[in-house]
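> My structure is below; once you've seen it, I'll send some questions.
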There are 2 protein chains.
Amino acid sequence: MEITIQKKILEANESKAERNRRYFKDKNVFVLNVMSSPGSGKTETLCKTLKMIMPKIRTGVIVGDICTRNDADRLEASGAKVVQINTDQFGGDCHLTANMIEKASKEFDLDTLDLLIVENIGNLVCPAEFDIGENARVVVLSVTEGEDKPLKYPLMFQVSDAAILNKIDLLPYLDFNAKEAVDNMKKVHPGMPVFALSAKTEDGFTPWIEWILYCVNR
Amino acid sequence: MEITIQKKILEANESKAERNRRYFKDKNVFVLNVMSSPGSGKTETLCKTLKMIMPKIRTGVIVGDICTRNDADRLEASGAKVVQINTDQFGGDCHLTANMIEKASKEFDLDTLDLLIVENIGNLVCPAEFDIGENARVVVLSVTEGEDKPLKYPLMFQVSDAAILNKIDLLPYLDFNAKEAVDNMKKVHPGMPVFALSAKTEDGFTPWIEWILYCVNR
């Protein structure tokens, strides 16, 4: 019974997501859904990303957390408009839904934006199941999380259009085989681009920034 | 409506969890539910923990993952009996339920055990909402995940009886304020014991092992 109910919830979300996608297309805004475990460095990666793309692409950000405005405050330092969703008002939901994105997107003047980045709740499972009407999905995995995560959480890597392997500055101090991690990602999602970078040192950002520019301008 | 359905699912789980708890009490087995984000080092911490407690406490392990038997294989090296639950058979559930634990626990001869450790699915949100009939809960946070996680995911820290701050061997290479992280844990759960340790180097394990022994023998 639980599975049937979950299916219905997912179907209702799906139709709202399609409505969002049509709306964003009308407004000519590209929507990027960024997902990962808690603590993989999504926010820091996006802070640095905004700094690099803001001169070229007019960008807004929606950030989801169960509690706190910490991430919104950090992201706003870039100068981008940021809307924080706190899901503790929605029963502490562990993922963003199309419904939440519809509401939050009304707080932007989308005619003045090229790109809307959505930083999802830190969770490597549930956000992968909820389409929010995005145009592309990115999963962030950090090198401290272990090489086997793509095999253990395959759906997240299958639904993503690109992956970031973050915190490569820590590689010298870890028993982490980056090649094995990337091989595991390609095993569950052949051909997916993987950008190895360090949000801390800003190493490796060029191909990632080029990929975003390509997505937004094509 | 979604929230009402979730409430009913949680209530049904709650009554099964109570039944599990009575059953474990009859069998005189202490059940420890270990939770965290993916990649915080739960499995490595438990591998080292088993090595240290197996001579003193007869221990079994149930390990939950969406896919793979990787963790079970690692944990079995300790000599403990390990039962792997894969939730992809249950629609890819992002948490263990009382129902799954009831089934898995039947695979042990509980009369020969003092302690049953449950390694939950890697997820800092949903497992906190699902009682499985355990006697105590432990949350593992690693120092690479950021000091603010207890404030952003408060429920997990509120429902836990103890916390492990793992990967302290990496502190010299991070901008991580361990005192702030512990303060944030105590803010959301005053008085909760926090064990700072490194599963890699085995530093800091003594108070954690003593706490387990105290729980099992009291």
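Please treat every number below as a calculation from the coordinates, not as lab data. Since the model is a prediction, treat every value here as computed from it, not as a measurement. As a convention, Cβ positions derive from the backbone with ideal geometry for all residues, glycine included, and neighbour counts pool all protein chains shown.
> Kindly check whether there is at least one residue in region B:160-170 that is free of Cβ contacts under 8 Å to residues at least 40 places away in the same chain, over 23 Å from B:Thr206 (Cβ atoms) and surrounded by 16 or more Cβ atoms within 10 Å (Cβ to Cβ).
Checked against the condition, which is being free of Cβ contacts under 8 Å to residues at least 40 places away in the same chain, over 23 Å from B:Thr206 (Cβ atoms) and surrounded by 16 or more Cβ atoms within 10 Å (Cβ to Cβ), region B:160-170 yields no hits at all.
> Looking at A:Asn123, is it among the polar types (S, T, N, Q) and crowded, with 24+ Cβ neighbours inside 10 Å?
Here the answer is yes, as A:Asn123 does meet what is asked.
> Moving on to the next point. Condition first: closer than 20 Å to B:Cys47 by Cβ and buried (at least 23 other Cβ atoms within 10 Å of the Cβ). Now tell me which residues in region B:92-112 satisfy that.
Answer for region B:92-112, where residues must be closer than 20 Å to B:Cys47 by Cβ and buried (at least 23 other Cβ atoms within 10 Å of the Cβ): just B:Leu96.
> With respect to A:Arg21, determine if the residue is over 18 Å from B:Cys94 (Cβ atoms) and within 14 Å of another protein chain (Cβ to nearest Cβ).
So A:Arg21 does not fit the description; no.
> Would you mind stating whether A:Val61 is out of contact with any Ser or Thr (no Cβ under 6 Å at 6 or more places or on another chain), under 23 Å from A:Leu165 (Cα atoms) and either more than 14 Å from chain B (Cβ to nearest Cβ) or buried (at least 17 other Cβ atoms within 10 Å of the Cβ) (or both)?
Judged against the criteria, A:Val61 is a match.
> Another question, if that's okay. Can you pull out the helices (runs of 4 or more DSSP H) entirely within region A:1-115 that have at least 1 residues that are touching a Phe, Trp or Tyr at 6+ places or on another chain (Cβ under 9 Å) and without any contact (Cβ under 8 Å) to a residue 12 or more places away in the chain?
Those helices (runs of 4 or more DSSP H) span A:2-26.
> Working only within region B:30-52, note down all residues that are of a type in the set (A, V, I, L, M, F, W, C) and within 16 Å of the chain's Cα centre (by Cα).
Scanning region B:30-52 gives B:Phe30, B:Val31, B:Leu32, B:Val34, B:Met35, B:Leu46, B:Cys47, B:Leu50.
> I would also like to ask the following. Among residues belonging to region B:199-218 that are without any contact (Cβ under 8 Å) to a residue 60 or more places away in the chain and over 15 Å from B:Asp161 (Cβ atoms), point out the one that is nearest to the other protein chains (Cβ to nearest Cβ). Steps first, answer last, please.
Applying the first criterion (without any contact (Cβ under 8 Å) to a residue 60 or more places away in the chain) to region B:199-218 yields B:201, B:203-204, B:206-207, B:210-211, B:214, B:217-218.
Those left that are additionally over 15 Å from B:Asp161 (Cβ atoms): B:201, B:203-204, B:206, B:217.
Values: B:Thr201: 12, B:Asp203: 15, B:Gly204: 18, B:Thr206: 24, B:Asn217: 33 Å.
Among those residues, the one meeting the criterion is B:Thr201.
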